[in-house]
Amino acid sequence: MSSPVKLPGQHYLNAAYGIKSWLLTTDHKRIAWLYLASITLFFFVGGFFAVLIRLELMTPQGDLVEAETYNKLFTMHGLFMIFFFLIPSIPAVLGNFLVPMMIGAPDLAFPRLNLASWYIYIAGATLALVAAVTGGVDTGWTFYTPYSSIYSNTNVVLAALGIFITGFSSILTGINFIVTIHKMRAPGLTWFRLPLFIWAHYATSIIMVLGTPVLAVTIVLVAIERIFRIGFFDPALGGDPVLFQHLFWFYSHPAVYIMILPGMGVISELVTCFSRKRIFGYSFVAFSSLAIAVVGFLVWGHHMFVSSQSVYASMIFSILSFVVAVPSAIKVFNWTATLYKGSISLQTPMLYALGFIGLFTIGGMTGLALAALGLDVHVHDTYFVVAHFHYIMVGGMVMAYLGGLHFWWPKMTGRMYPEWWGRLSALIIFVGFNLAFFPQFLLGYLGMPRRYHAYPEEFQVLNVMSSAGASILGIGYLIPMIYFIWSMRYGAQAGPNPWQAKGLEWQTPSPPPTENFPITPVVTEDAYAYSQEEAAVV
Amino acid sequence: MSDVQTTLAHQFEDPDQQHEAASLGMWAFLITEIMFFGGLFAAYTVYRIQYPAAFVTASHLLDYKLGAVNTAVLICSSLTMALAVRAAQLGQRRNLIVFLILTMTLGTTFLGIKAAEYTHKFHERLIPGPNFTPNVSPNREAQLFFLLYYSMTGLHALHMVIGIGVLTWLLVRAVRGHFSHEYYSPVEMSGLYWHFVDIVWIYLFPLLYLVR
Ligand code: HEM
Ligand SMILES: [Cu+2]
């Protein structure tokens, strides 16, 4: 049932053939594919560990694995999901593909550096994978000292090295984006005409450049302490374990914004396109990204309320955490205002976007609960926290990533995916997600601690619900994989602009030619010049 | 213009854009470097405040004369590097080569002195760990000082080694005549890096050698 192929004759996908033309490419669009393939792989590696975790937690006794193995499972799950999936996902795949396209440039400023970033990423991930299969790591993804630096007898150094190396990939991508956005915009594309996706990536890149090196040096210190048994962080050796936490969270709190800001950028694009309205309060949305990037560096102490940090410090961190919620709330408000009276069409990407807004709002509100000093002391290190960060990261970021992937898939491949299946999977994911993670709020509130492989009987019902939801969620993730692959060959031809969207990336053929635009475009209007009269054709 | 044609990468419109992109990229990179060293400086500050007496005692065990000589060497190398950049901008190939070689020599001298210092410390058993045996008390805190000393100067030395590698690459290209008064970005960018590494040392020297 293959449809007749009428794609543009010459495009970036068929510009050259053979494995070498992919592995040595400097075309940002092809590099995006390299990332897409590898990130998907690591998502399923992380998912595999999640399956084992949820299987173990179906019953109150530890009958599938012992405590030690369980510790390794959640550590590897967290490591892979955070460092090898969440952090690179949207920037490295969609950002790589779209940043030059959206600003009318033929490529990123440093194409070879871009390719190098991918190799660095692969090298780091491979080391972490080796660490996982040759014994695993049981410290939790946070590597808290002195357990990680002195006492744990697992592969900490190897995993840490993997993360250290991957960090450079993130730094280099950040530098590349910053320079590209500053220096390579098409004529007429002023800062306040930029798509919000670009603003989000700009803010994210700043965090990558400022935060990642601090994590890198912290990890080096852990490795030094571990290898030479001399202490920065072990109190028995004169060190200070809380210093580790400060350094670690100085990166890792902003890192959650590395994970969510690009997602917010995607959602802004989707919401305007599918409600055929210019986004409400463009400059507020743009500046809120920058505000998040800046204030995000000032709130790390909210992870340390119970770490012996002074009460006054905790109070200040608590207040600042409320402050950082404001720009996020601004965004949610602006999206909602954009939807209001828009002519909304519920295509697959829009379903993901709506899912994002709902789940992110829940995640954000519970985040405020956690930022409130007194409440956090009650639910600290319980499943309430686990539920909170899954709502943000899985309900938020993964939804945005999938929504973005569906939105730009026609651009990347020149072909459509089956709409019915797309909507179905969005629905399955939404239902599965809530069934998997909502019970965890209750579990946490009732006092079930995180990172335990066994629990009292009374928690079983909620845990079984959660595991059932996780299976549904897993199915929801597999379906798009299947029809995306199918569509690459059999999908209907998309044409340059299947969504009637605004934005430079839609003004060139799908798939685009290697140089992106046959002639450099000149921008004469603001972003999102939608008018509701030309209502959704789609 | 044929020179320019060969050195303009395809993604740029003109040499100016390429040059500006390179220098913004370099500055962004240097900011990450500041944050990288910043983590260590933060650790230093914390422990310095926690154990002031031990840090003073331990810093007396470092040879501030060697440190001072090295500081002078590095400042000279910054000067020769600046001259190299100037020569590149003026398209003076011979001068460029000379100043690059001078800079590399000074950099190597610095590393040589550093190596001598390290060896000396090894012999005095000033290596943190079970065999740490200077007659200073409190011993544990002094070890922390030395741990920071090796981490910070070691990271700095690593940057010097990389810098010398970069200079070697520049030298080869300069000898082949790749640079002209129209195309000298790589020299200028490497110069920025070299100056940055020097500046880090300017902070390290007083913090480690002169705390008393
Ligand atoms: C099918 C979906 C998933 C399920 C069923 C699942 C389940 C779990 C469970 C049960 C834990 C253990 C919590 C504990 O005992 O402390 C956990 C931790 C975690 N998960 Fe997931 N997860 C899923 C997807 C994801 C995704 C997609 C991400 C990131 C994108 C993610 C990131 C994390 C992180 C960072 C931790 C913390 C690990 C740690 O405590 O060290 N999870 N997950
Ligand atoms: Cu945080």
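Quick grid of which residues meet (1) polar (S, T, N, Q); (2) part of a helix (DSSP H, G or I); (3) away from chain B (no Cβ under 12 Å); (4) touching a Pro at 6+ places or on another chain (Cβ under 7 Å):
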{"position": "A:I150", "(1), (2), (3), (4)": "no, yes, yes, no"}
{"position": "A:A160", "(1), (2), (3), (4)": "no, yes, yes, no"}
{"position": "A:F164", "(1), (2), (3), (4)": "no, yes, no, no"}
{"position": "A:P187", "(1), (2), (3), (4)": "no, no, no, no"}
{"position": "A:F192", "(1), (2), (3), (4)": "no, yes, yes, no"}
{"position": "A:I198", "(1), (2), (3), (4)": "no, yes, yes, no"}
{"position": "A:V209", "(1), (2), (3), (4)": "no, yes, no, no"}
{"position": "A:P213", "(1), (2), (3), (4)": "no, yes, no, no"}
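Consider B:A82 carefully, then state whether it is away from every other protein chain (no Cβ under 12 Å), in contact with a Pro (Cβ under 9 Å, 6 or more places away or on another chain), under 26 Å from B:E188 (Cα atoms) and in contact (Cβ under 8 Å) with a residue 24 or more places away in the chain.
no
Among the numbered criteria (1) in contact with a Gly (Cβ under 9 Å, 6 or more places away or on another chain); (2) within 14 Å of chain B (Cβ to nearest Cβ), which single criterion is violated by A:T69?
(2)
For A:Y455, state whether it is part of a loop (DSSP other than H, G, I, E, B) and surrounded by 15 or more Cβ atoms within 10 Å (Cβ to Cβ).
On the way: part of a loop (DSSP other than H, G, I, E, B): yes; surrounded by 15 or more Cβ atoms within 10 Å (Cβ to Cβ): yes.
Considered against the rule, which asks whether it is part of a loop (DSSP other than H, G, I, E, B) and surrounded by 15 or more Cβ atoms within 10 Å (Cβ to Cβ), A:Y455 comes out as yes.
In the list A:I428, A:I392, which residue meets the criterion of being within 16 Å of ligand 2 (Cβ to nearest atom) and either crowded, with 22+ Cβ neighbours inside 10 Å or not charged (D, E, K, R) (or both)?
Every option except A:I392 fails the conditions.
Restricting to the stretch A:300-327, give me the number of residues that are in contact (Cβ under 8 Å) with a residue 60 or more places away in the chain and either within 13 Å of ligand 2 (Cβ to nearest atom) or not aliphatic (A, V, I, L, M) (or both).
6
Considering only residues that are touching a Phe, Trp or Tyr at 6+ places or on another chain (Cβ under 6 Å) and either of a type in the set (S, T, Y) or within 30 Å of A:G495 (Cβ to Cβ) (or both), which ones fall in the stretch A:415-444?
Correct list: A:Y417, A:P418, A:W421, A:A426.
Which numbered condition trips up A:M412, out of (1) closer than 14 Å to A:A492 by Cα; (2) not in a helix (DSSP H, G or I)?
The one condition A:M412 does not meet is (2).
Answer with yes or no whether A:I230 is within 9 Å of chain B (Cβ to nearest Cβ) and in a loop (DSSP other than H, G, I, E, B).
It is true that A:I230 is within 9 Å of chain B (Cβ to nearest Cβ) and in a loop (DSSP other than H, G, I, E, B).
Which numbered condition trips up A:V464, out of (1) within 16 Å of ligand 1 (Cβ to nearest atom); (2) modelled with pLDDT under 95; (3) surrounded by fewer than 17 Cβ atoms within 10 Å (Cβ to Cβ)?
Status for A:V464: all satisfied but (2).
Out of the stretch B:63-79, which residues are in contact (Cβ under 8 Å) with a residue 12 or more places away in the chain and of a type in the set (D, E, K, R)?
Across the stretch B:63-79, the qualifying residue is only B:D63.
Tell me, which helices (runs of 4 or more DSSP H) wholly within the stretch A:1-94 include 2 or more residues that are touching a residue at least 24 places away in the same chain (Cβ under 8 Å) and not polar (S, T, N, Q)?
A:28-56, A:67-79
Going by the conditions given, is A:F407 more than 14 Å from chain B (Cβ to nearest Cβ) and within 16 Å of ligand 2 (Cβ to nearest atom)?
Spelling it out, it is not the case that A:F407 is more than 14 Å from chain B (Cβ to nearest Cβ) and within 16 Å of ligand 2 (Cβ to nearest atom).
Scan (1) among the aliphatic types (A, V, I, L, M); (2) within 16 Å of ligand 1 (Cβ to nearest atom); (3) buried (at least 24 other Cβ atoms within 10 Å of the Cβ) for the single condition A:A255 breaks and write down its number.
(3)
Evaluate the stretch A:97-120: report whether one residue or more is more than 14 Å from chain B (Cβ to nearest Cβ) and polar (S, T, N, Q).
no
Given the conditions (1) small (G, A, S); (2) assigned to a loop (DSSP other than H, G, I, E, B); (3) touching a helix residue (DSSP H, G or I) at 6+ places or on another chain (Cβ under 7 Å); (4) surrounded by fewer than 21 Cβ atoms within 10 Å (Cβ to Cβ), report the number of the one that A:A529 does not fulfil.
(3)
Among residues belonging to the stretch A:218-252 that are of a type in the set (V, I, T) and crowded, with 23+ Cβ neighbours inside 10 Å, point out the one that is farthest from ligand 1 (Cβ to nearest atom).
A:I230
Would you pick out the residues in the stretch A:55-78 that are within 7 Å of ligand 1 (Cβ to nearest atom) and under 22 Å from the mean Cα position of the chain (by Cα)? I'd like the intermediate steps shown before the answer.
If we filter the stretch A:55-78 for residues that are within 7 Å of ligand 1 (Cβ to nearest atom), which is where we start, we get A:57, A:74-75, A:77-78.
A:F74, A:T75, A:H77, A:G78, listed by residue number.
Within the set of pairs 6 or more residues apart or between chains, which connect a residue that is within 11 Å of another protein chain (Cβ to nearest Cβ) inside the stretch B:125-142 to a residue that is in a loop (DSSP other than H, G, I, E, B) and at pLDDT below 75 with Cβ atoms less than 6 Å apart?
These pairs meet every condition: B:A142/B:V136.
I'd like to check something: does the stretch A:302-325 contain any residue that is away from ligand 1 (no atom under 16 Å from the Cβ) and within 15 Å of A:A203 (Cα to Cα)?
Scanning the stretch A:302-325 turns up at least one residue that is away from ligand 1 (no atom under 16 Å from the Cβ) and within 15 Å of A:A203 (Cα to Cα).
Hey, could you check the stretch A:328-341 for residues that are hydroxyl-bearing (S, T, Y) and in a helix (DSSP H, G or I) and say which is nearest to ligand 2 (Cβ to nearest atom)?
For the stretch A:328-341, the residue satisfying everything is A:S328.
Give the number of residues within the stretch A:238-249 that are free of Cβ contacts under 8 Å to residues at least 40 places away in the same chain and either under 21 Å from B:P52 (Cα atoms) or more than 7 Å from chain B (Cβ to nearest Cβ) (or both).
Within the stretch A:238-249, residues that are free of Cβ contacts under 8 Å to residues at least 40 places away in the same chain and either under 21 Å from B:P52 (Cα atoms) or more than 7 Å from chain B (Cβ to nearest Cβ) (or both) number 3.
Please go through the stretch A:244-293 and give me each residue that is more than 16 Å from ligand 2 (Cβ to nearest atom) and β-branched (V, I, T), ordered by number.
Selection gives A:V266, A:I267, A:V271, A:T272, A:I279, A:V285.
Just one of A:L98, A:L55 is touching a helix residue (DSSP H, G or I) at 6+ places or on another chain (Cβ under 8 Å) and buried (at least 22 other Cβ atoms within 10 Å of the Cβ); which is it?
Going through A:L98, A:L55 in turn, the sole match is A:L98.
Of these, A:I344, A:I362, which one is more than 14 Å from every other protein chain (Cβ to nearest Cβ), outside any helix (DSSP H, G or I) and more than 15 Å from ligand 2 (Cβ to nearest atom)?
Just one listed residue meets the conditions, A:I344.
Can you spot a residue in the stretch B:93-104 that is more than 14 Å from every other protein chain (Cβ to nearest Cβ), under 30 Å from A:I219 (Cβ atoms) and of a type in the set (S, T, Y)?
No, that holds for no residue.
Based on this model, can you work out whether A:L478 counts as surrounded by 15 or more Cβ atoms within 10 Å (Cβ to Cβ), in a helix (DSSP H, G or I) and within 14 Å of ligand 1 (Cβ to nearest atom)?
no
The values are calculated or read from the model by the stated rules, or taken from the named source; none is laboratory data. Fair warning: this is a prediction, and the values are worked out from it, not measured in the lab. A quick note on method: Cβ atoms are made from the backbone with ideal geometry, for glycine too, and the neighbour counts reach across all protein chains shown.
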